[in-house]
Every structure is written in structure tokens, then in C-alpha cells.
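Here it is, the structure, as C-alpha cells.
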Amino acid sequence: MSQLQNFRDQFPLLEQQVNGKPLIYFDNGATTQKPSSVIAASGQFYQSQNANVHRASHAISTRATQAFEETRRQVQAFIGAQYSHEVIWTSGTTHAINLIAQCWALENLTAGDEIIISVAEHHANIVPWQVVAEQTGARLVAVGLTDKGIVDLADFETCLTHRTKLVAVNHIANVTGMINPIEAIIARAKEVGAKTLIDGAQAIAHLPINVTELDCDFYVFSAHKMYGPTGLGVLYAKQALLMQMKPYQYGGEMIKTVSLKTGTVFNELPFKFEAGTPNIVGVVAFAKAIELIKDNFDFIHQQDAALSQYLFDKLTDTDGVELVFSRQADIPLYAFVVNNHHNQDVSSYLDSQGIAIRAGHHCAMPLMESLHMNGCLRVSLAPYNTMAEIDIFIDKLTVFIKGETDSCLDTGSGNELATSIRSESMEMNEIIERFTQAKSWDQKHREIMLLGKSFERMDKTLRSAQSLISGCESQAWLVAIKQGETFYFYADSDAKIVRGLLRITLAAYQHKTAAQIQAFDINAYFEKLGLLSHLSPSRGNGLLAIVEKIKALALS
Ligand code: PLP
């Protein structure tokens, strides 16, 4: 058996069919799948080992504590930290950065100090610093990128001053897939006396990390992006800093003594920062994820490089695809757009074919802003992905681009449908009938796209800030006209799939009174259409925002 097959076989989720097609999971930048060893360790812990840690003087608590602390030592070795108590458990990268902001930055920064980040940071490494800047009077400065998509060292030099107190940048950005020159950044930051925080969320599964050699002050990452459990992350910080920092969450575990007479003495490191019962099962199972990476170290790096090259070649050869950064990435992660097609239309078509990719701003809105983009598509692969999967992905993408998908055809039943929509004669029942006939998600998706395609576009003058629906990843507009006691709605979107969903949703609300609109059960309607499991009115796809806006307009 090949090493790839052997590695892939450890991830049971990958074997499933999605929307009637074998799943191709290309959203590993968001989270990676879990190997059987991690899944089994979680089950085994609850089955035979479950007890609270550090508290009870009984056998299973001792065993749980030993396993829990053993993982901390494994992480220490994995990232080359000097002491295991420099490894603090958090709920993830976001929590770790917030901890640094609260416990270190708010205590150490004053008005006029500067925090440097890059424009390509995840919101988790931007928003906490905006808040710190607001609260302390410090200035937040964002360094630009080179054409390759890495931090521009020349720009960094111009931003760095004797007032710089913190440099917080990612090791690999979640939209660029490029390794930043963090060694140079750390060295220069040190020369001006600034502390350094490296967001390793995207790097930790792909690169060997040695925090002692890097000599950074803080390094943070999430377990779920490296085959481990969700709800767990690591804050590495140098011992001296952790000693100075005050805790910011108080309660059990983080205390040595509590007295109503003399007050509280905080616990030693690392417990000072771990108030309350931690994610014990997550930590114990995480050990298996680290073992997996260590055992497959060479394979992971070879496969990463091969996938990155193959994917780059294929994407560059596909007409209509434009890479956001047109060079081979350091990890198999590429951001791109498809000419003349909305990102959501591309991703929803691929989803109907069992291919999971990401569309949107990728929690990097400032980067999108600096690139003058509304969003993009992202494929992010893990070493369990294969070249054959890339081939299928490229084939399906090509079919979509060439307009050869059923949902792009202008003939046959689709055309009849289009005509009936244009004549405004289609009622809710007609929509329900069509969706009942369409059995698979593939077919239902096609119906939505056809509805979107033939949905009459709104007059441009009506597409104003006032009619914009916030909360949608695409742009969508809605206008209500009151006719007597009932309402008539006009809507539009830049994404065909959203136009289709608007058409379906509006059919349920047209010519109804305010009371009927408030009372209508949209979930039951979507259930009837067979859409609820794919497109429930949730925040994720913007449907909830559309429904909320309809209700708000009917009330106002
Ligand atoms: N930083 C980067 C570079 C990321 O890619 C992510 C998640 O995608 C985060 C931070 C936030 O990670 P989490 O949601 O696990 O806290």
C-alpha cells in the first residue's frame, strides 16, 4: 500500500459520499479532518478514563491528569519550547491572541505606542489589536505584501519605530499560502525592543516549528487545524513574560490559596492561565494528532510540495481562472476567482458535485479591501488529498466555466421554467412541485440556479445602501412596496444562487399582510422543498438575513 493510501485510510470521514458524489474535501485551511486515532482516543477517554484533572486524590483522576500533562510535554517537544509550563491550553488561536491582548498588551501599552500587523492577518489577529489600540491610545499599523503575497520587509522597515511595542504577524496567511519571513521580522523587532507574536494557525500542520530557535515571544495555534480536536489551542509564551503577566480569568485551578480574610494567591505556571475545568478530552486526544504528524513528517512535507505544484499548474492552465497571487504557494492553498462568475455560484455548484471549497472573505476583510476584491474562492489541501481529486475538481470547474452544467443550459425544461417566472405566474405551489420532482441535491441546485438565472434584475437605481441586505456574503438588495394591506417585494443579488433563493423566498411572502409575513414558517417551507438540510435559513448563506429583512420591512 502506498504511503498516501496508508495516510488517507486513517481519515474515515473522507470515505463518504456528499450529494451523491464521493466527497472531495478541499477546505482544510478552515479545519482538517480527524484520524481514527484521535476519534478513538476521545471515545476511550470518556469510556474508561474520565475524571477531572489536578483535583481529586483517586486513581482515575491521577490517570487523567497524567495523560493531560503528558500531552503538554508532547506539545513542548513538538514546538521546541524550553519548558512545558510555557504551553498554555486555550480554546484555539483566537482565544490565545485575546489572552495576550488582555493579559500582556493592555498592561504594557500606552498612548503613542505602536502595534504592527500585516494586511493579510486573519480577523483573530486584527480585531483584538484594534480594541487594545482603542483602549490604550496605541496606534495599529498594517504592513503591506509583496507581489508574491508575503510581508513586504521594506514596508515593515518603514513602519518599525522605537515606539513599536508589538509585532503580530502570521507565519502563513490563510489566503496566500506563503511562508512569511518571520525570522527577519523577529530579529528586527527585537532590535527596537518590540515583542513578537506569531500566528501559526496555518503553519503548524505544514512546517517544523521551533519556538526557541525562532526566539519569538508568543506563538499561537489551534489543534483542529492539525488533525486534532476542535475547541483546543495553544498559547506558547516565554516563561519570563508569562511570569509577569496577570491572569484574566479567575476561578478554580488557577489559584494556590483563597481566603476571605487575606485574599487569593494565584497558582504557578501554566495553571495561572487555565481557570476552570479545561478541555480534558480534547487535550488527551490531541496527543494522537501530534503523533500522526511526527510519524508521517517526511511524507507530509513531500505530499504538500507535490500537491502545491500540481494544483498550481492545473489552476494556471484553466481558462477563466485567475489566481489572486500568481505564483506557486508554499503550501497547497490557493485563492482565486472565476471570471464573470460570482464566488458563491462557483462554490455552490462544486458543492453539488461533492467538492467542498470555501468562498467569501476568509476572515481577512482588510486583505480583500487592499486587493479591491469583495471576496474570492479558496482551495486548501491536506496531505490526504490526491492528484486524482485535483483532476476531478479541475474538470468540474471547467464544466462550470464553459457553461456546460445543467444549470447553465438555456434549453429544455429550464427555459420553460424561465418563461413562467418572467411572466410572474409562478406560485409557491409550483415551486414546491418542481422541487418535489427534483430528487437529488444536484437537481435541486440546478433548479435554484435556473430560478436565479431567469429572475428579473432590479433597476440599478434601487440597488442602494438602504436596500442592501447586510449579513449576506454576496450582495443582495430588497425593496418592499405596500399595496393596500399587503406587501410586494423586489429583490436582486450579484450571485445567481442567491437570486434563485430570493425568488423562492419571495414567492412565500408576496401579496401577504404584515401579520401573515410574521407568522409564515419559512423553515417548514424549506423543509417541504427539500432544501433545509442544504440551505437552512442560517447566517452562513445569508438566507436568515433575507428573511429578517423581509420581516423588518413588513413591520416598518
Ligand atoms: N489565524 C489564522 C491565520 C487562521 O487561519 C485562523 C482560522 O482560520 C485563525 C487565526 C483563527 O483560528 P481559530 O478559529 O481556530 O481560533
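Is any residue of region 61-81 close enough, with backbone N under 16 Å, to a label point placed 7 angstrom from the Cα of residue 212 along the Cα-Cβ axis, and if so, which?
Residues 73-81 fall inside that zone.
Calculate, in nm to one decimal, what residue 391 and residue 317 gain on full extension: separation in residues at 0.36 nm each, minus their alpha carbon distance.
Values: separation 74, 0.36 × 74 = 26.64 nm, distance 1.20 nm.
Full extension of this stretch gives 25.4 nm more.
So what is the calculated 222 nm ellipticity per residue for the chain, using -39500 (n - 2.57) for each DSSP H run with n of 4 or more, over all residues, to the nearest 500 deg cm²/dmol? Provide the component values of the computation, followed by the final result.
Values: 22 runs with 227 residues, N = 556.
Value at 222 nm, helices only: -12000 deg cm²/dmol.
With Kirkwood's inverse mean 1/r over C-alpha pairs for Rh, give me the Rg to Rh ratio of the chain, two decimals please.
Ratio value, two decimals: 1.01.
Any chance you could run the full-extension gain for residue 488 through residue 370? It's 0.36 nm times the residue separation minus the Cα-Cα distance, nm to one decimal.
Numbers: separation 118, 0.36 × 118 = 42.48 nm, distance 3.87 nm.
Fully extending the segment from residue 488 to residue 370 adds 38.6 nm.
Over the alpha carbons of region 129-211, what is the largest minus smallest coordinate on each principal axis, giving the biggest first in Å?
Largest first, region 129-211 extends 36, 25, 24 Å along its Cα principal axes.
Sorted by average packing, counted as other Cβ atoms within 10 angstrom per residue and highest first, what order do 131-139, 229-237 take? Spell out each step's value before the answer.
On the way: 131-139: 16.9, 229-237: 23.6.
By packing density, highest mean first, the sequence is 229-237, 131-139.
Return the subset of 225/294; 21/439; 528/551; 482/551; 439/549; 21/528 for which the Cα-Cα distance in this structure is over 25 Å, preserving the input order. Provide the component values of the computation, followed by the final result.
Details: 225/294 15 Å; 21/439 14 Å; 528/551 21 Å; 482/551 13 Å; 439/549 30 Å; 21/528 23 Å.
Result: 439/549 exceed 25 Å.
Using a 10 Å cut-off on Cβ atoms, rank the peptides 78-87, 542-551, 342-351 from the highest mean neighbour count down.
On the way: 78-87: 18.9, 542-551: 20.9, 342-351: 23.1.
Top to bottom by mean Cβ count within 10 Å: 342-351, 542-551, 78-87.
Multiply the residue separation of residue 440 and residue 6 by 0.36 nm, subtract the distance between their alpha-carbon atoms, and state the gained length in nm to one decimal.
Here the answer is 153.0 nm.
Which of 161, 42, 201 sits farthest toward the positive end of the charge dipole of the chain, with +1 on the Cβ of Lys and Arg and -1 on the Cβ of Asp and Glu?
With unit charges placed on the Cβ atoms, the residue in question is 42.
Heavy atoms of the protein only, probe of 1.4 Å, neighbouring chains included. What is the accessible area of residue 295 in Å², nearest 10?
About 120 Å², rounded to the nearest 10.
If you place +1 on the Cβ of every Lys and Arg and -1 on the Cβ of every Asp and Glu, how big does the dipole about the Cα centre of the chain come out, in debye to the nearest 20? Intermediate values should be presented prior to the final figure.
Details: 46 positive and 58 negative charges, 279 e Å.
In total the dipole reaches around 1340 debye.
Right, here's the next one. Given a Förster radius of 41 Å and the C-beta distance between residue 428 and residue 340 as r, what FRET efficiency does 1/(1 + (r/R0)^6) yield to the nearest 0.05? Kindly include the intermediate steps, with their values, before the conclusion.
On the way: r = 32 Å, r/R0 = 0.78.
The calculated FRET efficiency here is 0.80.
If I take R0 = 30 Å and measure r between the Cβ atoms of residue 18 and residue 398 in this structure, what FRET efficiency does the formula 1/(1 + (r/R0)^6) give, to the nearest 0.05? Don't skip to the answer; put the middle values down first.
Numbers: r = 20 Å, r/R0 = 0.68.
So the FRET efficiency works out to roughly 0.90.
Oh, and also: Could you tell me which residue out of 101, 81, 271 lies farthest along the dipole of the chain toward its positive end? Charges go on the beta carbon: Lys and Arg +1, Asp and Glu -1, centred on the Cα centre.
Farthest towards the positive pole: 271.
Any idea what angle helix 543-555 forms with the longest principal axis of the chain, computed on alpha-carbon atoms, 0 to 90 degrees, nearest 10?
Relative to the chain, helix 543-555 is tipped by roughly 60 degrees.
To continue, here is another question. Sequence neighbours fewer than 8 away in the same chain don't count; with that in mind, list the lysines whose C-alpha is under 19 Å from residue 148.
List returned: 314.
As an exercise, use a Förster radius of 41 Å and the Cβ-Cβ distance of residue 326 and residue 134 to find the FRET efficiency, rounded to the nearest 0.05.
Values: r = 37 Å, r/R0 = 0.91.
That gives a FRET efficiency of 0.65.
Quick check: the distance between the Cα centres of region 268-314 and region 325-368, to the nearest angstrom?
Spelled out, the Cα-based centre of one part sits 24 Å from the other.
Based on the alpha-carbon gyration tensor of region 477-518, what equivalent-ellipsoid semi-axes (square roots of 5 times the eigenvalues) come out, in whole Å, largest first? Intermediate values should be presented prior to the final figure.
On the way: eigenvalues 87, 21, 8 Å².
Its equivalent ellipsoid spans semi-axes of 21, 10, 6 Å.
Using a 1.4 angstrom probe on the protein heavy atoms only, could you order 298, 494 from most to least accessible area? Before the final figure, lay out the partial values.
Numbers: 298 105, 494 55 Å².
Output order, biggest surface exposure first: 298, 494.
Another question, then. Modelling each spin label as a point 7 Å along the Cα-to-Cβ direction, I'd like the residue 69/residue 462 distance in nm, to one decimal.
Once both label points are built, they end up 6.8 nm from each other.
The values are calculated or read from the model by the stated rules, or taken from the named source; none is laboratory data. As the structure is a computational prediction, the values presented were derived from the model and not from experiment. Cβ: placed from backbone, ideal geometry, glycine included. Neighbour counts: every protein chain shown. What goes into the accessible areas is simple: the full protein's heavy atoms, side chains included, and nothing from ligands, DNA or RNA. Shrake-Rupley method; radii C 1.70, N 1.55, O 1.52, S 1.80 Å.
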